[in-house]
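Only the coordinates and a few stated rules stand behind these numbers; no lab work does. None of these values were measured; they are calculated from a predicted model. For neighbour counting, all protein chains shown are included, and Cβ atoms are generated from backbone atoms with ideal geometry for every residue, glycine included.
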Amino acid sequence: MDGDEPRDGVRETYDRIASHFASTREYPWPEVESFVGDATESGAAARALDLGCGNGRHVELLSAHAEEVVGLDVSRGLLDEAVARAAERGFDAGLVQGDASRLPFTDGAFDLAVYVATIHHLAPRAARVASLNELARVLDADGRAVVSAWSTAHDTFDREDGFDTTVDWTLPGGETVPRFYHIYAPDEFDADLDASDLAVVESTVSSGNCYAVVAGAEPRGR
C-alpha cells in the first residue's frame, strides 16, 4: 500500500463501523488511566491531546486532568460519536479531523498526550515514524505522552516478527469489515521510537500491547 491509500482505507473503514465500534469502547484502558494519573499527580495539565481519539473515551478521561483537551481522529464517524459522548456526559473538548502523521497543531502545543491503538493503522513504516515525529513536535519541552500498539506478544498472534495484516470487525447481522493493522514486535516498536524525535522514558508490554511513555526531544536533523 502506497501514498494515502492506507489512510483513506482506515478512514472509510471506521466511518463504516463507527456506531457499532463506539458502542464497544466504553471505558478507558487501565494503562492509560495510570499514565494520566501519574503525569498529573502534581497538578492538571494545561493542554492535552488524544491522538486517534475514536469515540472520546480517553478524551473524557483527559478532561478531568487538563484545563483544555483536543481529540483528533481521521474518521468523521468516530468524531461524531465523540461529540455525542461529550454532550451526553458533559465534558468539553475540541474535536478535529486529521491525519496522525501530519498534525494541524503548532510546535509545543501540548504538555500531555495519549496516542493509543492508532499507530498500528498507519502504513508504511515511514508514516508511523512520521507520526511519532509529529507527536514529538507538538509536545512541549516538559511534556509527556503514552504510545501503544498491538504486539506479537498478544496471544492472538503466533509470530515473533512484526507484520502487516487485516483484522475483521463483525457488524450486527454478521457482515465483516477488514481493518488494516501493522502488528509490532516489541523490539521493532522500540526501534521505531528510537528512529523518531521522541525521547523514550519507559517501554513495556502489557495485555498484549506495546506501551511507551515518551517525551519530546530536539529533532535530529533528518
Ranking Val83, Leu112, Thr156 by how far each Cα lies towards the positive end of the charge dipole of the chain (+1 on Lys and Arg Cβ, -1 on Asp and Glu Cβ), the top one is Val83
Counting as exposed only GluC sites (Glu not before Pro) in DSSP loop states with no more than 14 other Cβ atoms inside 10 Å, the longest exposed-site-free span of the chain is 42-159
In debye to the nearest 20, the charge dipole size for the chain, taken about the Cα centre with +1 at each Lys and Arg Cβ and -1 at each Asp and Glu Cβ, equals 380 debye
Here the Kirkwood hydrodynamic radius of region 5-215, Cα-based and in Å, equals 17.1 Å
As a percent rounded to 5, the proportion of antiparallel DSSP bridges among beta bridges in region 89-222 is 80 percent
Asserting the computed 222 nm helical MRE of the chain (DSSP H runs at least 4 long, -39500 (n - 2.57) per run, divided by residue count, to nearest 500) equals -10500 deg cm²/dmol
Contact order relative to length for the chain, counting C-alpha pairs under 8 Å separated by 6 or more residues, stands in percent at 18 percent
Taking placed amide H atoms and a strict 5 Å upper bound, the residues 5 or more places from Ala217 or on another chain that come that close are Ala199
When all Cα-Cα pair distances of region 11-116 are considered, the percent exceeding 21 Å is 29 percent
The simple spin-label model distance between Asp194 and Glu67, using points 7 Å out along Cα→Cβ, in nm, is 3.9 nm
The size of the Cβ-based charge dipole (Lys, Arg +1; Asp, Glu -1) of region 23-89 about the Cα centre, to the nearest 20 debye, is 200 debye
